[in-house]
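The values are calculated or read from the model by the stated rules, or taken from the named source; none is laboratory data. No experiment lies behind these values; they were computed from the predicted model shown. A quick note on method: Cβ atoms are made from the backbone with ideal geometry, for glycine too, and the neighbour counts reach across all protein chains shown. Just so you know, the surface numbers come from the protein's heavy atoms only, side chains and all, with ligands and any DNA or RNA stripped out. Shrake-Rupley method; radii C 1.70, N 1.55, O 1.52, S 1.80 Å.
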Amino acid sequence: MYATSKNFQFCVIKSTKTLFMIHCAAKECEWRMRSIRVKDSELFKVTRLNDNHKCSLDFIYRSHMQTSGKVIGECIKSKYNGVGRIYRPKDIIQDVRQEFDVNISYDKAWRAREATLESVRGMPEDSFSYLPCYCAELEKNNPGTITYIESDHENKFKYFFMALGASFRGFRSAMRPIIDVDGTHLKGKYMGLLFVAATQDGNKKIYPVAFGKLRVALALEDFSELSLISDRHKNIERGVSLVFPESYHGHCMHHIKQSMKAKKIDDVVFPIYFKAAKAYRISDFEHLMTQICGFEGGKAHKYLKDVGFNKWSRAHFPGYRYSILTTNIPESMNAALRDVRGLPITALVE
């Protein structure tokens with residue numbers, strides 16, 4: 001950093017565990033430095049320094065050999081305090097040019113970013129090894145919390161599940177028995193999927209219930225009154241039918257609308273469809289569906305019937321949907337977790 005700030009470059013004469021000698025990269029320049037390792041220490045002490053430069057200005061390069069990705073990474077650590085900070089390679093290039101008058105390539109800026117993230121957040125591989133200890137501390141300090149790590153036959157990480165004790169105690173004792181479930185893709189080195197189960201409390205605030213194996217966390221005596229709402233993803237639908245066979249499973253009305261749009265169904269149908277989805281009485285529902293049947297030869301009506309009225313209509317739903325007709329709750333959770341989805345796994349869990 002000293003060489004960069006003074007706008008000169010140096011070459012290493014000798015570098016050992018006990019001795020470090022360098023000189024200015026310009027052959028005619030007299031700048032020299034010699035340092036030796038302090039006994040029983042990792043520090044080096046400068047024993048000789050000729051700090052006079054006779055470099056020609058023609059020798060000064062805009063691309064500095066000492067500004068490596070690692071050095072730049074040390075300078076920009078503060079930029080990554082907090083997972084929501086966006087600091088891209090092109091921002092690094094601009095700041096290095098302004099602060100040090102040095103031009104760096106996009107590749108070097110990317111390496112600097114990766115070096116900084118590794119320094120601040122740790123290696124993704126190491127994070128997997130920290131996870132069991134973290135889970136033990138989590139359960140110790142949060143009574144009733146459940147964590148579970150599943151490995152494959154080669155003892156490699158496969159699944160992780162977490163439910164905070166306070167979350168599912170609150171759900172069992174004071175929440176309406178309806179849960180929104182959704183998955184979102186992780187963006188770290190090893191990718192993956194984050195499965196979120198959340199609901200709404202009495203103040204209409206988002207209330208996370210669990211991340212992963214929902215039935216284990218709930219531990220209800222009777223699941224027959226529980227309703228689950230999803231976005232019609234086939235894997236979620238299959239999982240719900242296997243894990244919660246006695247519960248009710250509904251679909252998000254907005255995702256059904258998007259499916260209808262993909263099938264080129266006229267937009268004029270959608271306001272009537274939303275009224276039908278929200279209708280409490282079957283008579284009101286049937287009146288609205290009669291109107292929908294009159295559009296495009298009943299194309300929309302046929303599609304909604306094939307989906308199943310009991311999946312999206314409040315009037316026909318066999319359980320209780322209350323005011324939860326969409327998967328906006330877990331999708332809002334996913335949006336709030338957007339930045340942390342790229343973290344190594346233990347930092348992600350934290």
Worksheet entry | GluC sites (Glu not before Pro) restricted to DSSP loop in region 129-176 with at most 16 other C-beta within 10 Å | GLU154
Worksheet item: Hey, rough spin-label estimate for ARG281 and GLU28, points 7 angstrom out along Cα→Cβ, what's it come to in nanometres?
Response: 9.9
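Above 16 Å lies some portion of the pair distances; for region 171-248, what is it as a whole percent of all C-alpha pairs?
Percentage above 16 Å: 52.
Loop only per DSSP, at most 10 neighbouring Cβ atoms within 10 Å: give me the trypsin sites (Lys or Arg not before Pro) in region 265-350, ordered by residue number.
Values: sites: LYS275, LYS278, ARG281, LYS299, LYS302, LYS305, LYS311, ARG314, ARG321, ARG338, ARG341; in loops: ARG281, ARG314, ARG321, ARG338.
The qualifying sites are ARG281.
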Discussion item. Net charge around ASP284, counting only other residues with Cβ within less than 11 Å of its Cβ (Lys, Arg = +1; Asp, Glu = -1)?
Written reply: +3
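So how much slack lies between GLU237 and TYR159, counting 0.36 nm per residue of separation and subtracting their Cα-Cα distance, in nm?
Here the answer is 26.2 nm.
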Item to complete: At a 1.4 Å probe radius, which order do ILE146, ILE22 fall into by accessible area, largest first?
Response: ILE146, ILE22
Response to the item:
Calc'd 3J(HN,Hα), region 8-16, phi into Karplus 6.51 cos²θ - 1.76 cosθ + 1.60 (θ = phi - 60°), Hz, glycine/Pro = x, comes to 9, 10, 10, 10, 8, 7, 8, 9, 10
Practice prompt. Within region 309-345, report the chymotrypsin sites (Phe, Trp or Tyr not before Pro) that DSSP leaves as loop and that have at most 15 other Cβ atoms within 10 Å.
Written response: TYR320, TYR322
Worksheet item: Can you tell which of ALA136, MET21, ALA109 lies farthest toward the positive end of the dipole of region 10-168, using +1 and -1 charges on the Cβ of basic and acidic side chains (Lys, Arg; Asp, Glu)?
Response: MET21
Fill in: ³J(HN,Hα), Karplus 6.51/-1.76/1.60, whole Hz, each residue of region 166-176, x for Gly, Pro
4, 5, 7, 5, x, 5, 5, 9, 9, 10, 5
Discussion item. When the expected Rg is taken as 2.2 N^0.38 Å, what fraction or multiple of it is the alpha-carbon Rg of the chain?
Written reply: 1.48
Worksheet, complete the sentence: Per 5 angstrom bin, beginning at 0 and ending with the bin that holds the maximum distance, the Cα pairs of region 239-293 fall in percents of 4, 17, 21, 20, 15, 13, 9, 2
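Report relative contact order for the chain in percent, whole number only (criteria: Cα-Cα under 8 Å, sequence separation at least 6). Show your work: numbers first, answer last.
Values: 515 pairs, mean separation 43.7, N = 350.
It rounds to 12 percent for the chain.
For the chain, what is the mean residue ellipticity at 222 nm derived from helices alone (per DSSP H run of n ≥ 4: -39500 (n - 2.57); sum divided by total residues; nearest 500 deg cm²/dmol)? Each step should come with its number before you reach the end.
Values: 15 runs with 141 residues, N = 350.
That comes out to -11500 deg cm²/dmol.
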Worksheet item: For region 240-289 and region 82-121, what is the separation of their Cα centres, given in Å?
Response: 48
Practice prompt. Using the Karplus curve 6.51 cos²θ - 1.76 cosθ + 1.60 with θ = phi - 60°, work out ³J(HN,Hα) for each residue of region 309-326 in order, rounded to whole Hz, and write x for Gly and Pro.
Written response: 4, 6, 8, 10, 8, 5, 5, 9, 5, x, x, 10, 9, 6, 9, 9, 10, 10
